[in-house]
Amino acid sequence: METTTFHEKGNISIHTENIFPIIKKFLYSDHEIFLRELVSNAVDATQKIKRLASMGEYGGELGDLTIKVSINPEAKTLTISDKGLGMTADEIKKYINQIAFSGALEFVEKYKDQGVERGAIIGQFGLGFYSAFMVASQVEIITKSYQDAPAARWICDGSTEFEITAADKADRGTDIILHITEDSQEFLEPARIRTILEKYGKFLPIPVSFEDKVINETEPIWTKNPNELVDEDYLKFYETLYPFSEKPLFWIHLNVDYPFNLTGILYFPKIKNELQLSREKIQLYSRQVFITDEVKDVVPDFLMLLHGVIDSPDIPLNVSRSFLQADSNVKKINGYITRKVADKLSELFNNDRHGYEEKFGDIGVFVKYGMISEDKFYDKAKDFVLLESTGDTFYTLEEYKEKTEETQKDKDDNLVWLYTTDTGKQDSYIQTAMARGYNVLKLDGVIDPHFIGKLEQKLEKTTFKRVDADSLDKLIDKGVTIESILTEEEKETLKATFEGVAGAGYSVEIQPLSTDELPVVITQNEFMRRMNDMSKAGGQPSFFGSMPVTYNLLINANHPAISRVKDSNDQALAKQLVDLALLSQGLLSGPALTEFIKRTVNGL
Ligand code: ADP
Ligand code: MG
């Protein structure tokens, strides 16, 4: 056997003094990422040899391709060994010594003043390998190429100097040996290494073993053809991603390779509390390497409520936020996912209206949030978003329009959609409205004030009013004037009487209302109340901020009970009528409520 010896010392060609301090301090916030980088290099090298073999360019045995990660506590080293294509000494010089920096340097120069986020360069610009120096005082490469060339050993201590010598390695592949620094000893602890490997490498396409156990599933289901998969597979995968979580409602398998490459599975969870951010987040992968679960900016905001996996080599992974938002691939990906999600919902709606209605309680928030935040989604979702009426019937926007067109138009041809935010508390208002033949919607979610605002903006001549926003005649003003049976003077006296019993915070108005309305009605201005609800929901900050809620006390001038108050200036009756009105709004509590009960019981 021919033995070759060579020994060369040299300088890593870069144009600045020393890039390592930059790598150590500036580039990475998360030191653990070095392992992701080195293991992905091992994966790349292994996939390359497989490809060469399949193309007939490598005729040797592939053998067991498992990548091995191991710790030597005595020597204080961490080693990543692969059976990939290896490197010749010349290739080391080319790929490790030079190329790695050229792109990165430019980038550092360009962005150093702009406060580019840490980690912005590594991976993106081939600095991956050098991330080893964040945790190692010395890095060795011992490698033997699949080509007929002697094995080589490269060693570098984190300065710009390196050394290459011949090595004693018979098998194809590469060992990367890190001599772990004093302050990075954590990376010699098996538990720590296992955790990092499981975090980043759970779905790597080449088996990776640590302490004789393979840590990954090499063919996760998102890489498979949907035709080969059954519901069970999707549910099982969900369970692997989010152990102990409730079953998802349904899912979408994403698969596109033009104009960008993207695969993944998005699950629709049951959304219980719309404001609670779920701890199960969408995970972002690049070629099966876990990158992050902070997918904000990559995925449209409203889709953050979904769970699952997105895998795309076309997403710039480490670049800063603003860069990401401007990236055209990211924009296209956003658009694609949004469309896919809308298509899925539309399909469910069209194929199984009943099942869709049953699920709507869980996905409604999501659909509404999407409509509020993305016009493109609105355009699709307007056909499958549902409004639920107090009769437990679901309507699409179009169906509801047809349903109410005859009855709920006001004198100016505006369609008025009445709603309740609390069927319990607003029951008396709902009943009065329904007795008039009106339909009342249930819009009781935190997101609904925003949703209503969006619909008003999009639908022509349509306004929403909560059932207690005004007297029934005014809610949907048909232009019919009701004559008052009281004189102006009588009204003044009555007003004073009621102001006396109502207390501060209520503004009293005497109005001639229909006799099917209660003697005293408490109303809340729609606009003011909605502003308040919106700022409570924590959405767009309300221009008005949070204001004290004001209530109007409408005194039905034409009601017989009011005539009695007027005729005998009956303060007690006035008080009773006001309390009844407060009670129907759930506004009577504490001592006032106790007093009311006592008074009522005594009068029996
Ligand atoms: P990138 O992976 O983005 O190319 P890296 O800095 O991680 O950048 O690696 C630089 C180059 O070094 C790789 O492109 C590859 O040619 C070579 N290399 C690194 N690790 C290995 C390995 N384990 N086996 C073979 N070649 C490797
Ligand atoms: Mg790499």
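So which residues in the range 444-463 are within 16 Å of residue 423 (Cβ to Cβ) and crowded, with 21+ Cβ neighbours inside 10 Å?
Within the range 444-463, just 448 meets the criteria.
Scan 380, 296, 331 and give me the residue that is open to solvent by 30 Å² or more (accessible area, probe 1.4 Å), basic (Lys, Arg) and touching a residue at least 24 places away in the same chain (Cβ under 8 Å). Steps first, answer last, please.
Details: 296 fails: touching a residue at least 24 places away in the same chain (Cβ under 8 Å); 331 fails: touching a residue at least 24 places away in the same chain (Cβ under 8 Å).
After ruling out the rest, the residue left standing is 380.
Residue check: is residue 433 more than 28 Å from the chain's Cα centre (by Cα), at pLDDT 90 or above and not in a loop (DSSP other than H, G, I, E, B)? Break it down into steps so the answer makes sense when it comes.
On the way: more than 28 Å from the chain's Cα centre (by Cα): yes; at pLDDT 90 or above: yes; not in a loop (DSSP other than H, G, I, E, B): yes.
Yes; evaluated as a whole, the condition is true for this residue.
Assess whether residue 355 counts as being assigned to a helix (DSSP H, G or I) and buried (at least 20 other Cβ atoms within 10 Å of the Cβ).
No: the conditions fail for residue 355.
Scanning for something surrounded by 17 or more Cβ atoms within 10 Å (Cβ to Cβ) and part of a loop (DSSP other than H, G, I, E, B), does the range 183-191 turn up at least one residue? Can you show your working first?
Here is the first cut: in the range 183-191, the residues surrounded by 17 or more Cβ atoms within 10 Å (Cβ to Cβ) are 184, 187-188.
Then keep just the ones that are part of a loop (DSSP other than H, G, I, E, B); that gives none.
No.
Quick one: which of 178, 204 is closer than 21 Å to residue 47 by Cα, of a type in the set (A, V, I, L, M, F, W, C) and within 16 Å of ligand 2 (Cβ to nearest atom)? Let's see the steps before the verdict.
Working: 178 fails: closer than 21 Å to residue 47 by Cα.
The conditions single out 204.
So, in the range 28-71, of the ones that are within 11 Å of ligand 2 (Cβ to nearest atom) and among the polar types (S, T, N, Q), which residue ends up nearest to the chain's Cα centre (by Cα)?
Among those residues, the one meeting the criterion is 40.
Just one of 212, 168, 148 is at positive phi and acidic (Asp, Glu); which is it?
212
With the requirement that a residue be more than 8 Å from ligand 1 (Cβ to nearest atom), modelled with pLDDT of 95 or more and buried (at least 20 other Cβ atoms within 10 Å of the Cβ), what does the range 78-94 give you?
Selection gives 78, 83, 89.
Return yes or no: is residue 392 at positive phi, open to solvent by 60 Å² or more (accessible area, probe 1.4 Å) and not in a helix (DSSP H, G or I)?
yes
Residue 58 versus (1) among the aromatic types (Phe, Trp, Tyr); (2) crowded, with 18+ Cβ neighbours inside 10 Å; (3) at pLDDT below 90: which is the lone unmet condition?
Condition not satisfied by residue 58: (3).
Please find, within the range 29-56, the residue that is farthest from residue 215 (Cα to Cα) out of those that are in a loop (DSSP other than H, G, I, E, B) and in contact with a Phe, Trp or Tyr (Cβ under 9 Å, 6 or more places away or on another chain).
31
The values are calculated or read from the model by the stated rules, or taken from the named source; none is laboratory data. Every value quoted in this text rests on a predicted model; they were computed, and no experiment measured them. Glycine gets a Cβ as well: all are built from the backbone with ideal geometry, and neighbour counts include every protein chain shown. For the accessible areas, the whole protein counts, side chains as well, though only heavy atoms, and no ligand, DNA or RNA atoms are used. Shrake-Rupley method; radii C 1.70, N 1.55, O 1.52, S 1.80 Å.
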